[in-house]
Amino acid sequence: MLLLNASYEPLTTVPLRRAILLVLREKAEVVHCDAAGAVLHSATTALSVPSVIRLRRYIRVPYRRRVPLTRVALMRRDGHHCAYCGKRAETIDHVIPRSRGGAHVWENVVASCKTCNHRKADRLLDELGWELNVTPTVPRGLHWRLINGEQHGDPLWAPYMARTAA
């Protein structure tokens, strides 16, 4: 479920249970219901499953200059493809190994398959004669800040996600 601030800007995604609790406690309101028309039933109430909910009160979110570097975000940035061979990536790799002074920053970390990661070990690309298929960069845009903000393909989210891409 997509959670919007009172100003309709996306904040995060929340599990169904959390979304229902926010609605039942009147801390949030349903903006769009699930496209499939799913309904939750209790002994006394029937509630449509929400797809998008909006907080009733505005929450101030501290602005961060850089998107936090996490494994999930890195894999999403690189499309789950190895930066060296293009196969499916399962691990992350530091282009300049940390043992050689490389930092744990977006510009030095790429997704990698286990084979390439093992073959590269703690060597530099020049030593192996390898090249990166992509240049590692810092992701930009507010949509990268969404927790679990993977592309769910829910068309009801599109108008709110478009606001953050600008």
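Among the candidates Asp122, Asp154, the residue that is more than 30 Å from Ala19 (Cα to Cα) and at pLDDT below 95 is uniquely Asp122. In segment 115-138, the residues that are open to solvent by 70 Å² or more (accessible area, probe 1.4 Å) reach residues that are assigned to a helix (DSSP H, G or I) and of a type in the set (A, V, I, L, M) with C-beta atoms within less than 7 angstrom, at least six apart or across chains, in these pairs: Glu131/Leu125. Of the residues making up segment 95-141, those that are outside any loop (DSSP other than H, G, I, E, B), small (Gly, Ala, Ser) and under 21 Å from His80 (Cα atoms) are Ala111, Ser112.
Taken over segment 52-84, the criterion of being surrounded by 15 or more Cβ atoms within 10 Å (Cβ to Cβ), outside any strand (DSSP E or B) and more than 13 Å from the chain's Cα centre (by Cα) is satisfied by Cys82, Ala83, Tyr84. Apart from one condition, Arg88 fits all of (1) in contact with a His (Cβ under 9 Å, 6 or more places away or on another chain); (2) charged (D, E, K, R); (3) under 24 Å from Ala158 (Cβ atoms); the exception is (3). With respect to Asp34, is the statement that it is under 30 Å from Thr115 (Cα atoms) and charged (D, E, K, R) true? Considered against the rule, which asks whether it is under 30 Å from Thr115 (Cα atoms) and charged (D, E, K, R), Asp34 comes out as no. Taking segment 6-51 as the range and being part of a loop (DSSP other than H, G, I, E, B), open to solvent by less than 40 Å² (accessible area, probe 1.4 Å) and of a type in the set (Val, Ile, Thr) as the test, the residues that pass are Val14, Val49. For Arg18, are the conditions met, namely being at pLDDT 90 or above and either touching a Ser or Thr at 6+ places or on another chain (Cβ under 8 Å) or within 15 Å of Trp157 (Cβ to Cβ) (or both)? Considered against the rule, which asks whether it is at pLDDT 90 or above and either touching a Ser or Thr at 6+ places or on another chain (Cβ under 8 Å) or within 15 Å of Trp157 (Cβ to Cβ) (or both), Arg18 comes out as no.
The values are calculated or read from the model by the stated rules, or taken from the named source; none is laboratory data. Since we're looking at a predicted model, the values are computed, not measured. Positions of Cβ are backbone-derived with ideal geometry, glycine not excepted, and every protein chain shown enters the neighbour counts. Each accessible area value is taken on the protein alone, full model and side chains, heavy atoms only, with ligands, DNA and RNA left out. Shrake-Rupley method; radii C 1.70, N 1.55, O 1.52, S 1.80 Å.
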